[in-house]
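Engineer: Provided herewith is a single structure, encoded as structure tokens, for subsequent inquiry.
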Amino acid sequence: VTSDDDDNVNRPEVIVCHDYKGNYLDDKFINGTVKWEEYRFYNWSAVDIFCYFSHNLVTIPTLQYLNAAHSNGVKVIGTFIVENTDGYKALHDMLTDKEHVENVADSLVEIANRLNFEGWLLNIEVQVNVQKIHLLKHFVHYLTKKTHEVIGSNGRIIWYDSVSALSGGLQWQNELNEVNV
């Protein structure tokens, strides 16, 4: 990830992806929780972007994380994740045509804008019908464009490199390259 700031165009950014396996449960309460492990990130000065991550289709950062990150100058992104059978169905329901793709992207931009966070991690971890790859590419491009239009230069869309643009297969490459969507 590189910064869009004029003074830091070539400076790499550090992202923390807080993957809580059992999903976030008690950190949604504004007045705290008795479970200390729900919220325990302290090194805000060491990161540029905080990804609020869980294993739900759409994960929206909580107010506590947004406030802590933003008060420390850290951008926050939510997660759009597609995994397992339900995720496969949801993704392919979205990838019916450009109108559906754009409606989902517009909704994600609206959520981020209204709730004051900077964008999304896109994590597609299912096989994608090769005939739908062009719609998935359109989704990523359109969502990125709309995020920058609405949220501005702080907007971020980050692609997790798990789908092959050639076969639509689930294929982690651990880098962005010509095989990624």
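Engineer: Which residues, counting only those in segment 56-78, are within 21 Å of residue 105 (Cβ to Cβ) and at pLDDT 90 or above? Walk me through it before giving the result.
Structural biologist: Residues of segment 56-78 within 21 Å of residue 105 (Cβ to Cβ): 56-61, 75-78.
Residues satisfying the conditions are 57, 58, 59, 60, 61, 75, 76, 77, 78.
Engineer: Please verify whether segment 118-126 includes one or more residues that are closer than 20 Å to residue 13 by Cβ, of a type outside the set (D, E, K, R) and without any contact (Cβ under 8 Å) to a residue 40 or more places away in the chain. Write out each step before concluding.
Structural biologist: Within segment 118-126, the subset closer than 20 Å to residue 13 by Cβ is 118-123.
Within this subset, residues satisfying the condition of being of a type outside the set (D, E, K, R) are 119-123.
Right, trim to without any contact (Cβ under 8 Å) to a residue 40 or more places away in the chain and you get none.
No, segment 118-126 contains no residue that is closer than 20 Å to residue 13 by Cβ, of a type outside the set (D, E, K, R) and without any contact (Cβ under 8 Å) to a residue 40 or more places away in the chain.
Engineer: Do you know which of the residues in segment 116-135 that are modelled with pLDDT under 95, outside any helix (DSSP H, G or I) and not aliphatic (A, V, I, L, M) is most open to solvent (accessible area, probe 1.4 Å)?
Structural biologist: Residue satisfying both the conditions and the ranking: 127.
Engineer: Can you name the residue in segment 136-165 that is exposed (fewer than 13 other Cβ atoms within 10 Å of the Cβ) and assigned to a loop (DSSP other than H, G, I, E, B) and, of all such residues, is modelled with the highest pLDDT? Talk me through it step by step, then tell me what you get.
Structural biologist: Step one: of segment 136-165, the residues exposed (fewer than 13 other Cβ atoms within 10 Å of the Cβ) are 149, 152-153.
Right, trim to assigned to a loop (DSSP other than H, G, I, E, B) and you get 152-153.
Details: 152: 96, 153: 92.
Filtering segment 136-165 for residues that are exposed (fewer than 13 other Cβ atoms within 10 Å of the Cβ) and assigned to a loop (DSSP other than H, G, I, E, B), the one modelled with the highest pLDDT comes out as 152.
Engineer: Tell me whether segment 46-55 contains one or more residues that are under 26 Å from residue 85 (Cβ atoms), in a loop (DSSP other than H, G, I, E, B) and at pLDDT 65 or above. Working first, answer last.
Structural biologist: Let us first name the residues in segment 46-55 that are under 26 Å from residue 85 (Cβ atoms), namely 51-55.
Keeping just the survivors that are in a loop (DSSP other than H, G, I, E, B) gives 54-55.
From what's left, at pLDDT 65 or above: 54-55.
Yes, segment 46-55 has at least one match.
Engineer: Quick one: residue 175 ticks every box in (1) surrounded by fewer than 17 Cβ atoms within 10 Å (Cβ to Cβ); (2) under 17 Å from residue 101 (Cα atoms) bar one, so which box is it?
Structural biologist: Residue 175 satisfies all of (1) surrounded by fewer than 17 Cβ atoms within 10 Å (Cβ to Cβ); (2) under 17 Å from residue 101 (Cα atoms) except (2).
The values are calculated or read from the model by the stated rules, or taken from the named source; none is laboratory data. This one's a predicted model, so the numbers in the text were calculated from it and none came from an experiment. Ideal geometry is used to build each Cβ from the backbone, glycine not excepted, and the neighbour counts take in all protein chains shown. Accessible surface areas use protein heavy atoms only, side chains included; no ligands, DNA or RNA. Shrake-Rupley method; radii C 1.70, N 1.55, O 1.52, S 1.80 Å.
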